[in-house]
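The values are calculated or read from the model by the stated rules, or taken from the named source; none is laboratory data. Because the structure is a prediction, the values reported are computed rather than measured. Because the Cβ atoms are built from the backbone with ideal geometry, glycine has one as well, and the counts that use them run over all protein chains shown. Each accessible area value is taken on the protein alone, full model and side chains, heavy atoms only, with ligands, DNA and RNA left out. Shrake-Rupley method; radii C 1.70, N 1.55, O 1.52, S 1.80 Å.
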Amino acid sequence: MKFSDLLQELNIHEHHSLSIAPDCDPEILELAAVKTARAGTLSYIEGVKFASEVDRTQASVLILPPNPTLQQKATDRHIAWISTPDPKLLFARAVPLFYRPYHPAAGIHPTAIIHPSVQIGNEVSIGAYAVIHEDVVLGDGACIYPHVVIYPAVRIGDHTILHANCTIHERTQIGADCVIHSGAVIGAEGFGFVPAPEGWVKLEQSGITVLEDRVEVGCNSTIDRPAVGETRIGYNTKLDNLVHVGHNGQTGENCVMAAQVGLAGGVQLGNWVILGGQVGVANQAQIGDRTQAGAKAGLHGTIEPNSIMMGNPASPYKVFLKSSAIYNRLPEMHQTLRKLQQQVEALQEQIRAMEEG
Amino acid sequence: MKFSDLLQELNIHEHHSLSIAPDCDPEILELAAVKTARAGTLSYIEGVKFASEVDRTQASVLILPPNPTLQQKATDRHIAWISTPDPKLLFARAVPLFYRPYHPAAGIHPTAIIHPSVQIGNEVSIGAYAVIHEDVVLGDGACIYPHVVIYPAVRIGDHTILHANCTIHERTQIGADCVIHSGAVIGAEGFGFVPAPEGWVKLEQSGITVLEDRVEVGCNSTIDRPAVGETRIGYNTKLDNLVHVGHNGQTGENCVMAAQVGLAGGVQLGNWVILGGQVGVANQAQIGDRTQAGAKAGLHGTIEPNSIMMGNPASPYKVFLKSSAIYNRLPEMHQTLRKLQQQVEALQEQIRAMEEG
Amino acid sequence: MKFSDLLQELNIHEHHSLSIAPDCDPEILELAAVKTARAGTLSYIEGVKFASEVDRTQASVLILPPNPTLQQKATDRHIAWISTPDPKLLFARAVPLFYRPYHPAAGIHPTAIIHPSVQIGNEVSIGAYAVIHEDVVLGDGACIYPHVVIYPAVRIGDHTILHANCTIHERTQIGADCVIHSGAVIGAEGFGFVPAPEGWVKLEQSGITVLEDRVEVGCNSTIDRPAVGETRIGYNTKLDNLVHVGHNGQTGENCVMAAQVGLAGGVQLGNWVILGGQVGVANQAQIGDRTQAGAKAGLHGTIEPNSIMMGNPASPYKVFLKSSAIYNRLPEMHQTLRKLQQQVEALQEQIRAMEEG
């Protein structure tokens, strides 16, 4: 694809914040990071701090931040460029013009075992050895990869993709345009046991799990159904790999959970909550809109909207950064404290002597 | 089901600690949390702190704690009620009267591949595309969901359930009435490598993994087999999702591990040990009976029975709560300490001057 | 196998650092830990601190450290022994003489679905219900267990083993002599989303995942592919269960990651890096050769080679051990500090009075 075609495909002329290099129109053959780019590569620079990359890159086309120095450098090196306030976002919009992940054609593999009661939309793909139980509904364009198992009474929305080896348990409702990655398990029994004199007694999990539209669930992640009511993942929320959402968890829209995050039972996240890797959220915690938690944070109780939290138990990040910086000086502080105690005792003794003398 | 039938099914009259509302006998149609209950719902109140819910709920039947005020409130609102010291436990016993998870009928799907040497008990269910290798024994009423793979020489006890897409490795022994959830892997090779000049050398794992009766293993959890000897999960122990038990791990009975707990190699848990989410237990640690560890705790060494531990490295919870409360005042303490040093120096100077003067 | 045969098989005479018991030649029937050994058992003692086990064990053959006292004890108890500086390593070399994990015979199961374009080496084993898409290459002796799904254009090296229920995504390259354990997912889409006014926009992941020779990946672990470029796991690197490696992660050779480790995007590990259980490494962190991190550590930024790190945020272990030892004395320190403040104020008051008086 020529640079000029890219501009057209991205509707660049409709965006006033863009500047366009006037005079070169290279062929774009591939995508790469700016460091490994070569002739024919489209790449991007996230911000001014990567400016030196513009001096060195072999890329033919760059997406740049709106910085005249960078633009001039690119022009000087005969690199075609587009400038935009969010280069990574424009790059994300460009990628599908050059690359599409593997997607099987519509059609039902003869080895798929599909209960006669299953309702199948138009242009659905069902892969080899998929097993789909009774009363399942598959929306138009749904894509079921090989070896997916769907328990009874599940609903899968239009254009939703279930990757190989994932398992969807009974009565789960998955919206449209969702992606469930390999090995994920949605809607399995929540962890409900009640202590009794004879040992733990199972609390059967009669509720359901609901994923709204555009949700993505990473590989080997698990989202449980509850004893009563529902577990619900909000619109356009994205879960990375190996994430756990316990029974009755609720998220707003556009939340993000990095890998290995765990939500205990009954957690509520607002909208646009971002949880770093390995964050844990305690039972029944309520996390306000746009709150962010750094990797490994432990959240509990009620967290106000717009908080940025770190540490376990989590504190506002400014407090945490100050405290953790001093943490390593604890031995020194401890020593200082002992020395001060001795000095104060000596002073007390001296004064006592002076008063008596 | 009528309220009066529920009382009969639960054998309420045999329990002296229960009180029964005398005069109303509503039909029970469903189960729900007290907040979302409506006419025809059976729900429960865990304790007096949820008292205000009794004023608001639309439930037709409530299970209450033994509190006369709550009982009177319920009676006044024409809610049928049962009172018991452990409402959640009675609710757990009631749920199966209204809800049973999906369970396939007995029978062997024609696509299951079963080695001729496999011994199959009575009333066993084997789902589509299950693969069962040589010398496996399946007890009466065992339920093997679709896409389960069982390696050779495994024993599965009576009425044990293996959910879709789980994998049981060679020579594993699983007791009766166990539940292995989707994606779990039991009895795979432990992580055994020995450093050598040429790099890590594999230590083959010749031992076995044993799950005693009534064990549950959550989705995508992993329990490894050891180089020699066995990994053993004790009677009625419950593991949530994404839990890891390393080679030679041993647990007593009735232990509970919340999601994402990890036990390193050779860990020993006593009976009734409860580990919160994301807890880690170090190599060879020995954890006494009835010990509890808060979420994210890091346990190592020997922990006495009945301990309640928090933090990493874990401390008794009272110590941890005090210390972590002060943690965020470290910057302030550090400043105070510097100020005190200056003040003491000034005092020393003054006294020196006074003594000289 | 006789003890004398074991010596021959292990080529003991070629190793000068070994001493051999002269006069007994027991039959070896099994392997066990020294504590549970009985007649006919081969076992080992890792170091002198386990010396008392030599007094008690029922083992017939022991591998000992080069310690004359232990050797004499063993001889006195008529235990045949070999002495070597690294008993566990020699034990690891001996295990395959007595135990081999289950390995299916070469051959292709008739239910495996293999695209006609797939290239299959010699002596390959492909299990029941495996699904192998177009343009995959399987090296000689590769072993694909039942229910493995391989997406298009994947390369699997010679003698590599893929256990049941694992999933290999498109264009992944796996070297020779690798082992991928059950449920692992290699080469799935990295977690790439860019915030936009309308919500998170997917950044398609056009890169690839590469595993060099002799890599092992534990059960249910996940290694993602990146937006551009590659994710690469170096030669002989070993990952335990439930490990996550994010997009663009790079490791050197002979790294070890214990269970539940998580590497965020773009992490670089040098050679021989060892990460304890539940360690997290932050985005773009660079970890030097031979660095070790204790369980639950949180690494970020640049870590020098040969570091030993603990805590979150991680510190050199000596600093961490001192600081964490004092952590629990924070309440006491806080009290001391307040008392000192009062004492200093009193002293200031006294001196003021003396100066005025």
Output field shielding_mean for A:143-156 (other chain Cβ, 10 Å radius) holds 4
Once all protein chains are kept in place, C:LEU321 shows an accessible area at probe 1.4 Å, nearest 10 Å², of 90 Å²
Would you give the gap between the C-alpha center of region C:229-248 and the C-alpha center of region A:99-165, rounded to a whole Å? 30 Å
Would you report the distance distribution of C-alpha pairs in the protein assembly as shown as whole percents per 10 angstrom bin, up to the bin with the largest distance? 2, 10, 17, 22, 19, 14, 9, 5, 2, 1, 0
If I ignore ligands, DNA and RNA and count only protein heavy atoms, how much of B:GLU46 is accessible to a 1.4 Å probe, in Å² to the nearest 10? 100 Å²
Ignoring everything except DSSP H segments at least 4 long, calculate the 222 nm mean residue ellipticity for chain B; use -39,500 (n - 2.57) per segment, divide by total residues, nearest 500. -6000 deg cm²/dmol
Give me the orientation-averaged projected area of the Cα convex hull of chain C, in nm², one decimal. 30.7 nm²
Can you list residues from other chains, or at least 5 along the same chain, whose modelled amide H is less than 5 Å from the amide H of C:GLY266? C:HIS247, C:ASN248, C:GLY249, C:GLN284
Within a 10 angstrom radius of each residue's Cβ in B:174-187, how many Cβ atoms of other chains show up on average? Whole number is fine. 4
If you roll a 1.4 angstrom probe over the protein chains with everything in place, what fraction of the accessible area of region C:107-318 belongs to carbon and sulfur, to the nearest %? 50 percent
In nm, give the distance between the simple-model label positions of C:GLN119 and C:ASP76, each being 7 Å from the Cα along the Cα-to-Cβ direction. 6.5 nm
For A:LYS339, list the lysines whose Cα falls under 19 Å from its own Cα; do not include residues on the same chain fewer than 8 positions away. B:LYS339, C:LYS322, C:LYS339
Which helices, counted as full DSSP H runs in chain A, have an axial Cα extent of no less than 27 Å and a Kyte-Doolittle average of 0.0 or above? none
Once ligands and nucleic acids are excluded and a 1.4 Å probe is used, how much of C:TRP272 is accessible, expressed in Å² to the nearest 10? 70 Å²
Distance in nm between A:LYS2 and C:VAL48 label points, each 7 Å along Cα→Cβ, equals 8.1 nm
Please identify, among C:VAL273, C:VAL344, C:VAL194, the residue showing maximal mean-square fluctuation in a Gaussian network model of chain C using a 10 angstrom Cα cutoff. C:VAL344
Selected from B:PRO116, B:PRO313, B:PRO68 as most flexible by GNM, with chain B as the system and alpha-carbon contacts under 10 Å: B:PRO68
I'd like the distance between the alpha-carbon centres of region C:190-207 and region B:33-87, rounded to an integer number of Å. 47 Å
Rounded to a whole number, the mean other protein chain Cβ count within 10 angstrom for residues of A:318-331 is 6
Fluctuation leader among C:ILE108, C:ILE82, C:ILE287 - chain C, Gaussian network, Cα springs under 10 angstrom: C:ILE82
DSSP beta bridge pairing in the protein assembly as shown, given as percent antiparallel to the nearest 5: 10 percent
Under 24 Å Cα to Cα from A:LYS35, which lysines show up? Leave out anything in the same chain fewer than 8 places away. A:LYS2, A:LYS49, A:LYS73, A:LYS88, C:LYS202
Listed by chain and number, the residues whose amide H is under 5 Å from that of C:VAL179, excluding neighbours fewer than 5 places away on the same chain and using placed H, are C:ILE161, C:VAL215, C:GLU216, C:VAL217
Could you state how much accessible area is buried at the B-C interface, both sides summed, with a 1.4 Å probe, in Å² to the nearest 100? 5600 Å²
Run the simple label-point estimate for C:GLN284 and A:ASN306 please: 7 Å along Cα→C-beta, distance reported in nm. 2.7 nm
State in Å² the accessible area per residue of chain A; use a 1.4 Å probe, count heavy atoms of protein chains only, and round to the nearest integer. 39 Å²
Chain lengthening between C:ARG338 and C:ILE12 when straightened (0.36 nm per residue, less Cα-Cα): 110.6 nm
5 Å is the cut-off here: which amide hydrogens, built 1.01 Å from N in the peptide plane, fall below it relative to C:ALA33, excluding neighbours closer than 5 in sequence? B:GLY229
Could I get the Rg over Rh figure for region B:33-78? Both from C-alpha atoms, Rh via Kirkwood, rounded to two places. 0.90
